[in-house]
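Below is one structure, written out as structure tokens; comments come after it.
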Amino acid sequence: MYAPNSHTQKSSSRTLIAPRVAARTNLFFTIKLISTVAAIVLTIQPSAAPAALMTQVYDPALGTLPSAQGFEHVDIPAPGPALVVEDNVLKQDTRGHRQSGNRAGYQWFRGSLAPADLTAGLIITWDLEVVESSYDPDFVGLGGVDSRSAGYGVAAIDDLGRIITLGISAGGVFLHNDLMMLESTGSPFVAFDTTSGLHHYELTISALGASLKINDAPIVNLPLGPTGGVPAGNAFVAFGDAFDDRAAVPSESVTELAHFQYTIVPEPATLTALLAALALVTRPRRQPTRNQA
């Protein structure tokens, strides 16, 4: 899935972006409120059959691994590198944990994706500080084809075999919409210093394609690929590190994850109704005026 590079960068200190804490709190409140308002919408429009709003969250502040919060832990092969949850972050370090014999290794976490159609809408957000992460623009991928790889990645696959993969290296990011991660069909590599602190990532996927923002700034876009790009019927959202020796400099990374979540967006008609109801519920109340003598 994701892969690595020959150039790594290090960050000696962690720069927390304080507004992100408040933003996550507001987001949790908004999602909870939308779920409550859904009942109002169903009452107003009983003939509608809306898709459910589904959110899955991993919060390291709870002191547990993703596997204790509803995500499947996948080590290929097992056992993978040791995991540590401390200081409210999940720490992954794949340095020195390499595979021999031209094989890839991964340590990632995946959550189910249902309804599993990327065109219906999916929003993935996470807060991540990269300490080190490799990038290889000349990676030899599956079948010996020219590919790209990074040490950390996030991916989404639907039941129709569509895939979106985001590679995150120390010096930048890139998107792919095919399993081979062909450079010819992926997005350009966009330079960004991911080691400069804890950054907020938002990956939005819809029928229009995939769009990445970092700290609310648009970074890169890519159209969805064709159906059948990967084996169908195995839909999930995944995140984590890669390690292997197929590149000139093996894939590896050191990362600290402070938050990860994804939300399946309702179909447009339902979303419009939810937002309209939410606006009514959250509309500020006018303060009563006092009569002056």
Check your understanding: If we keep just the residues of the stretch 66-111 that are among the acidic types (Asp, Glu) and farther than 17 Å from Gly151 by Cβ, which is modelled with the lowest pLDDT?
Key -> Glu72
Review point. Which residues, counting only those in the stretch 41-65, are modelled with pLDDT under 75 and among the β-branched types (Val, Ile, Thr)?
Key: Val41, Thr43, Ile44
Exercise for review: Any chance you could count how many residues in the stretch 112-122 are out of contact with any Asp or Glu (no Cβ under 7 Å at 6 or more places or on another chain) and either assigned to a strand (DSSP E or B) or modelled with pLDDT of 75 or more (or both)?
Suggested key: 4
Point to revise | Hey, Val230 within 29 Å of Gly70 (Cα to Cα), among the β-branched types (Val, Ile, Thr) and under 14 Å from the mean Cα position of the chain (by Cα) or not | key: no
Practice item. Mind telling me which of the residues Leu182, Leu198 ends up being among the aliphatic types (A, V, I, L, M) and surrounded by fewer than 18 Cβ atoms within 10 Å (Cβ to Cβ)? Key: Leu182
Point to revise | Test for Ala273: is it buried (at least 20 other Cβ atoms within 10 Å of the Cβ), within 22 Å of the chain's Cα centre (by Cα) and modelled with pLDDT under 80 | key: no
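The values are calculated or read from the model by the stated rules, or taken from the named source; none is laboratory data. It should be emphasised that the depicted structure is a prediction, and the values quoted were computed from it without experimental measurement. Here the Cβ is made from the backbone with ideal geometry for all residues, glycine too, and neighbour counts use every protein chain on show.
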